[in-house]
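The values are calculated or read from the model by the stated rules, or taken from the named source; none is laboratory data. These numbers were taken from a predicted model, which means no experiment stands behind them. Methodologically, a virtual Cβ is constructed for each residue, glycine included, from the backbone with ideal geometry; neighbour enumeration extends over all protein chains shown.
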Amino acid sequence: MNKICGLVICHNEETNIEECLKSILWCDEIVVADSFSSDNTLNIAKKYTDKIYQNEWKGFAAQRKFALSKAGSEWILSLDADERCTPELETEIRSVLSKDNVSEEGFEIPRKSFFLNKWIKHGGWYPNYQLRLFRKNNADVTDRLVHESYSVKGNKGRLKNDLLHYTVTSVSEFVIKINSYSDLSAKEKYGKSKIGFFHIFLLPRIAFFQQYILKGNFLDGMEGLMVSKFHMITKLLNYMKILEMQIKDKVK
């Protein structure tokens, strides 16, 4: 079988990292890129690999590129600390990579995401295909502040079995996450368009309607309602932070 590296980037992930690394112990090597965690992340990671590299945080894309540079295998399976590779996905990956000549350069994997431990099936949350299995030498990372992704040149395939994604276990945790992501998104989008009344008053409401009604989050119960509300709040925060930058620039 072609050699494969399990690749994980992390920072202060002591509650997630162990289960993540356990799920990829079958890989030929495991590489962990840590941005100087201050909790017990490193001690936990050392139980599963000696290939742990620390690198100053300069953004998601930069950290993923750094991690890629440390991998020694032909194929990469990239996971975040809050993700898990299932035994079924492992079996499928082994089968796909057992061929002598794999024609694809990468494979998209369906991601099964959980909110407050409930699988969210609608609202674009599933199958939410992610390019996470790919040849190292033909891969790149989109240079974005947030929602960066891998890309490959050439053919891509799709796997059938899910990658598990445990997003958050509490509302407070999700609030911290969307505040951080909206900061990055606002910085990335600032200057591309003028933010006004329409963006602040109406667009977040439209986003909620699309998510909850048109994309079917109402079928996910109260958790689906919460996810859609958070989607609306994220949009609002993003626009308000861009507007804040516009106002401050006028004062200068």
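Tabulated data
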{"item": "Residues that are farther than 11 Å from PHE134 by Cβ and assigned to a loop (DSSP other than H, G, I, E, B), drawn from the range 72-112", "result": "GLY72, SER73, ALA81, ASP82, THR86, SER98, LYS99, ASP100, ASN101, SER103, PRO110"}
{"item": "The one condition in (1) more than 20 Å from PHE134 (Cβ to Cβ); (2) surrounded by fewer than 15 Cβ atoms within 10 Å (Cβ to Cβ); (3) touching a residue at least 24 places away in the same chain (Cβ under 8 Å) that THR41 fails to fulfil", "result": "(2)"}
{"item": "Hey, PHE208 within 26 Å of GLN246 (Cβ to Cβ), surrounded by fewer than 13 Cβ atoms within 10 Å (Cβ to Cβ) and over 20 Å from the mean Cα position of the chain (by Cα) or not", "result": "no"}
{"item": "Subset of the range 175-188 [crowded, with 16+ Cβ neighbours inside 10 Å and farther than 20 Å from ILE247 by Cα]", "result": "ILE178, TYR181"}
{"item": "VAL31, sole failed condition from (1) touching a helix residue (DSSP H, G or I) at 6+ places or on another chain (Cβ under 7 Å); (2) within 20 Å of GLU173 (Cα to Cα)", "result": "(2)"}
{"item": "Members of the range 195-227 found to be of a type in the set (D, E, K, R) and closer than 16 Å to PHE114 by Cβ, listed by number", "result": "ASP220, GLU223"}
{"item": "From the options GLU13, GLU29, GLU19, residue that is surrounded by fewer than 20 Cβ atoms within 10 Å (Cβ to Cβ), of a type in the set (Asp, Glu), farther than 30 Å from ASN101 by Cβ and in the same structural domain as PHE134 (by TED's automatic domain parsing)", "result": "GLU19"}
{"item": "Selection within the range 55-72 - under 16 Å from the mean Cα position of the chain (by Cα), modelled with pLDDT of 95 or more and either outside the structural domain of LEU145 (by TED's automatic domain parsing) or surrounded by 19 or more Cβ atoms within 10 Å (Cβ to Cβ) (or both)", "result": "GLN63, ARG64, ALA67, LEU68"}
{"item": "Qualifying positions in the range 138-166 - modelled with pLDDT of 90 or more, in contact with a Leu (Cβ under 9 Å, 6 or more places away or on another chain) and closer than 25 Å to PHE230 by Cα", "result": "SER149, ASP162, LEU163, LEU164"}
{"item": "Every residue from the range 149-166 that is buried (at least 18 other Cβ atoms within 10 Å of the Cβ) and of a type outside the set (A, V, I, L, M)", "result": "TYR150, ASP162, HIS165, TYR166"}
{"item": "The listed residue being of a type outside the set (Ser, Thr, Tyr), outside the structural domain of LEU21 (by TED's automatic domain parsing) and surrounded by fewer than 14 Cβ atoms within 10 Å (Cβ to Cβ), out of GLY216, GLY191, GLY224", "result": "GLY191"}
